[in-house]
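Q: Submitted below is the structure of interest, expressed as C-alpha cells.
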Amino acid sequence: MKVKVGIMSFAHLHADSYAHCLKANPNAELVGIADHDSARAQAKAREFETQAFDSYESLLASDIQAVIICSENARHAPLVQMAAASGKHILCEKPLMTKLDDGKAMLAAAQGAGVQLFTAFPCRFSPAFQQMMRLIHAGAIGELLALRGTNRGSNPGGWFNDPELAGGGAMMDHTVHVADLMRRLTGHEIVEVYAETGNNMFHGAFDDTAMLTMTLQNGVFATLDSSWSRPKTFPTWGDVTLAAIGTRGVVEMDMFAQYLVYYDDRAGRVKQLFWGDHIDYLMVDEFLRVVAGAERQALATGEDGYRAAAVAIAGYESVKRREPVPVQA
Amino acid sequence: MTKVGIIGLGTMGAQHMDAYRAMPDVEVTAVYDHHAERAQAFAQKYSVRVAESLNDLLDHCEVIDICTPTYRHAEYALPAIEAGKAVVCEKPLARTLEDCERIVNAVKQRNTPFMPAHVLRFFPEYRTAHHLVQSGAVGTVAAVRMRRGGDFPRAKSDWYADFGKSGGVILDLIIHDLDWLLWTLGAVERVYAKALTFRNLTHLDYTLVTLKFKNGAVGHVEGTWCDPGGFKVNFEVCGDSGMLEYDSARQVALQIATRADGGTGGGVQVPESPATQNPYYLELRHFIECVQTGQTPEITVEDGYNAVRLALAAIESAQTGRAIAL
C-alpha cells in the first residue's frame with residue numbers, strides 16, 4: 001500500500017527535494033500540490049507529474065494521509081493547524097515556528113486531532129552523525145564537556161530576507177539543525193542562549209551573521225555558527241559540522257565531507273560533488289513508514305522542532321538584551 | 001654588535017637563542033634563569049655565560065628578552081625598563097592588567113624600545129591574511145573564525161596547569177588570535193566566553209569565545225588544550241566580497257610518516273611547513289633593527305596591553321556568565 005502524500009506550498013526550496021524523494025520512493029504516491037501561489041503549484045505539478053489543487057482546502061479534502069509543509073516559516077502554523085484539523089499526518093519544514101505561541105498552537109492542534117506532527121530535520125539521518133552518536137555513547141571520548149557546531153550557508157534571498165515571513169535572518173534559518181543534533185546527541189535540553197548577530201555580508205535589515213553560545217541542562221556548553229557566510233564562489237552550498245570535546249578525546253564530524261572535487265572549466269568554478277547518503281530520502285522514507293504504522297526511530301517530532309526553534313527565538317532575545325537568556329520550554 | 005640577554009631558558013628561551021645566533025650583528029652576552037641547573041645546561045649547550053644576577057645581566061646587555069612564564073614577566077620587565085634597556089617580552093604581556101599597566105607606564109616614562117612578542121604576526125600565513133584583509137580582499141568583514149590548540153602543554157613545574165600563573169587557555173593560548181584580530185579588525189565592543197578553565201579538570205582546558213567588533217563583524221575563537229590529535233590551527237575570514245581560509249591540517253607542505261620501531265609497529269606522522277626564515281627570527285630581527293635604528297616596533301606595548309585586556313574580559317565572561325563590554 002502506497003502512502004498518499006500532498007505537499008502544501010513550495011515556498012521553501014527544500015520542497016523540491018522532498019518531492020523528488022516521494023517520486024523516487026516505491027512506498028509513496030505524490031497525490032498533489034497546493035500553494036498560495038497557484039502558478040507555482042501548477043508549474044511544480046507539471047514538473048513532478050502530479051495534480052495541482054486550487055486551494056489547500058481541496059488538497060486536504062482529498063484522500064491523502066499525510067502532508068509535507070514547505071511554506072514560508074511564519075506560515076507553518078496556520079497550515080499545520082489546517083492539516084491537523086483534516087486528520088492528516090504532517091512533516092513540517094524547519095524551523096517549526098517563528099513565535100513560541102505558534103509552536104504551542106501547532107503541537108496542541110496535532111495532539112487534539114490525533115495526528116502525528118514531525119519536523120524536517122534530515123541531519124539526524126546522516127550516517128556520519130549516527131556513527132558519532134554511537135562513538136560518544138560508547139564512551140570513546142570519555143565524558144562529554146563541550147560541543148562546537150557550524151551550519152553555514154549562503155543567503156537564499158527572497159522571503160528569507162523578510163523577517164516577518166522568515167522570523168529572522170540567518171540565525172532563524174540555520175540554528176535549528178545543529179541545535180537539534182546537540183539535543184539528539186546528548187539527550188539534554190538547551191537551557192540558555194547567548195547570541196551575537198551582524199549584517200556585514202548583505203547590509204540588509206536582517207541578520208546574515210550569527211554566532212550562538214548555548215548551555216545544556218547537563219552543563220555542556222556549545223557554540224554554533226549559523227551565518228550565511230559562504231561566498232558566491234564557495235565550492236558547495238555550505239556545511240554542517242559538529243565537534244564533541246570529551247575528557248579522553250575529540251570527535252569531529254563534517255557531515256558533507258564525502259565529495260569529489262570537480263574543477264569545472266566550463267563553469268569557471270571548483271565544485272564539491274557530494275556522493276554520500278541522501279539524508280532527505282532517508283528522512284522522507286521514515287516519515288512514510290511511520291505514517292503507515294511503523295515505529296518512529298530518528299524522525300524528529302513536533303516537540304523536537306519546537307525545542308530547536310525556541311533556541312533561535314531565545315537567540316534573538318539575547319541579541320536584544322545583550323546577555324544570555326533562558327530558552328522557553 | 002647588539003648585546004642581548006635572555007631571561008627564562010625554557011622552550012621559548014631556546015627558540016629565541018637559535019634566532020639570535022643566526023644574526024651576525026647580535027651577541028647573546030649572558031642568560032639568566034632562576035633554575036640554576038637549567039641555566040647551566042643551557043649555557044653549556046650554547047656556549048654562553050650565565051649571569052650571576054638580574055643586575056649582572058642588565059649591566060652587560062642593551063636588549064633584554066623575557067621568556068619566563070607569564071606570571072613573572074612584570075618582575076623582570078620593570079627593572080629592565082627602569083634600567084633603560086630595550087625589552088622584548090613574550091606574550092601575554094603580563095598575568096594581570098595591573099602589571100600590564102605598570103609596564104605600559106614604565107615604557108612611556110623611560111621611552112625605551114619595547115615589544116610584546118606576538119609572534120603570530122610574523123607567521124607568513126597570518127601576516128599575509130592580515131594584509132589581504134586590510135587591502136580589502138574580502139570586502140567588509142562579517143564573520144571570522146579562528147582555532148588554535150592541541151593537547152595540554154607540558155613544561156617544567158607544570159605552570160600551564162596553574163591558572164594563577166598562566167591564565168589558562170584563554171590568556172596563554174588564544175591571546176595569539178585575539179591580538180591578530182585586534183590588529184586586523186580593530187577594537188572589540190563585547191566579548192562572551194565559555195571555558196573549562198574553572199572546572200578543576202586535570203590537564204584539560206578548552207574555550208569558545210564570541211566577539212562583537214566595533215565595525216559590526218562577529219568573531220569566534222576556539223582554544224583547546226583538549227585535543228590529542230596534535231597541534232592544529234585554522235582560520236577563516238568571511239566578507240561581503242570573498243573569504244580567506246587556512247587550515248594547518250589541510251595545507252601541509254611536507255609530511256613524514258615513520259614506524260616507531262622501523263618495522264611493523266605503530267607509526268608517527270609529523271607535518272612540517274619548511275621555510276627559509278622562521279617567524280621567531282623575523283620577529284626578533286624586527287625588534288633588533290628597531291633598537292639599532294630607533295624605529296618604533298610594529299607591535300606596541302599598548303597592543304600587548306589590549307590583547308591582555310581582551311583575554312581577561314573573556315575570562316571574566318567565562319567566570320561570571322555575563323557578556324563583557326569593553
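Q: Among the numbered conditions (1) without any contact (Cβ under 8 Å) to a residue 24 or more places away in the chain; (2) of a type in the set (A, V, I, L, M); (3) open to solvent by 60 Å² or more (accessible area, probe 1.4 Å), tell me where A:ALA43 comes up short.
A: (3)
Q: OK, next. How many residues does region A:126-151 hold that are under 18 Å from the mean Cα position of the chain (by Cα), within 14 Å of chain B (Cβ to nearest Cβ) and either more than 23 Å from B:GLY242 (Cβ to Cβ) or open to solvent by 20 Å² or more (accessible area, probe 1.4 Å) (or both)?
A: Total satisfying the criteria: 1.
Q: Quick one: is B:GLY239 in contact (Cβ under 8 Å) with a residue 12 or more places away in the chain, more than 9 Å from every other protein chain (Cβ to nearest Cβ), of a type outside the set (A, V, I, L, M, F, W, C) and crowded, with 17+ Cβ neighbours inside 10 Å?
A: So B:GLY239 fails the test.
Q: When residues of region B:75-99 are filtered for being open to solvent by less than 10 Å² (accessible area, probe 1.4 Å) and over 14 Å from B:GLY5 (Cα atoms), how many remain? Give the steps one after another, and end with the answer.
A: The initial filter retains those residues of region B:75-99 that are open to solvent by less than 10 Å² (accessible area, probe 1.4 Å), namely B:77, B:80-81, B:86-89, B:92-94.
Going one step further and asking which of them are over 14 Å from B:GLY5 (Cα atoms), we end up with B:92-94.
Here the count works out to 3.
Q: Filter region A:209-240 for residues that are polar (S, T, N, Q) and buried (at least 18 other Cβ atoms within 10 Å of the Cβ); which is farthest from the other protein chains (Cβ to nearest Cβ)?
A: If we take residues in region A:209-240 being polar (S, T, N, Q) and buried (at least 18 other Cβ atoms within 10 Å of the Cβ), then A:SER226 is farthest from the other protein chains (Cβ to nearest Cβ).
Q: Follow-up question, since we're still on this one. Looking only at region B:187-228, count how many residues are facing chain A (nearest Cβ under 10 Å), polar (S, T, N, Q) and open to solvent by 10 Å² or more (accessible area, probe 1.4 Å).
A: Of the residues in that region, 2 qualify.
Q: Restricting attention to region B:46-66, which residues are within 25 Å of the chain's Cα centre (by Cα) and open to solvent by 70 Å² or more (accessible area, probe 1.4 Å)?
A: Listed by number, the list holds a single entry, B:GLU62.
Q: Being without any contact (Cβ under 8 Å) to a residue 60 or more places away in the chain and acidic (Asp, Glu) is the filter; apply it to region A:55-86 and report the residue that is least open to solvent (accessible area, probe 1.4 Å).
A: Only one residue tops the list, namely A:ASP63.
Q: Considering only region A:92-182, give the helices (runs of 4 or more DSSP H) lying wholly within it that have at least 1 residues that are touching a residue at least 24 places away in the same chain (Cβ under 8 Å) and within 15 Å of A:GLN81 (Cα to Cα). Walk me through how you get there before you give the answer.
A: Details: elements: A:100-113, A:127-137, A:163-166, A:170-174.
Helices (runs of 4 or more DSSP H) meeting the threshold: A:100-113.
Q: Quick check on B:ILE315: is it within 30 Å of B:ASN105 (Cα to Cα), within 11 Å of chain A (Cβ to nearest Cβ) and either crowded, with 17+ Cβ neighbours inside 10 Å or among the hydroxyl-bearing types (Ser, Thr, Tyr) (or both)?
A: no
Q: Let me ask another. Confirm whether A:GLU303 is open to solvent by 60 Å² or more (accessible area, probe 1.4 Å), more than 14 Å from chain B (Cβ to nearest Cβ) and closer than 30 Å to A:THR215 by Cβ.
A: yes
The values are calculated or read from the model by the stated rules, or taken from the named source; none is laboratory data. What you are looking at is a predicted structure, and each value in this text was computed from that prediction instead of being measured. No Cβ is skipped: glycine too gets one built from the backbone with ideal geometry, and neighbour counts run over all protein chains shown. Ligands, DNA and RNA are excluded from the accessible area calculation, which covers all protein heavy atoms including side chains. Shrake-Rupley method; radii C 1.70, N 1.55, O 1.52, S 1.80 Å.
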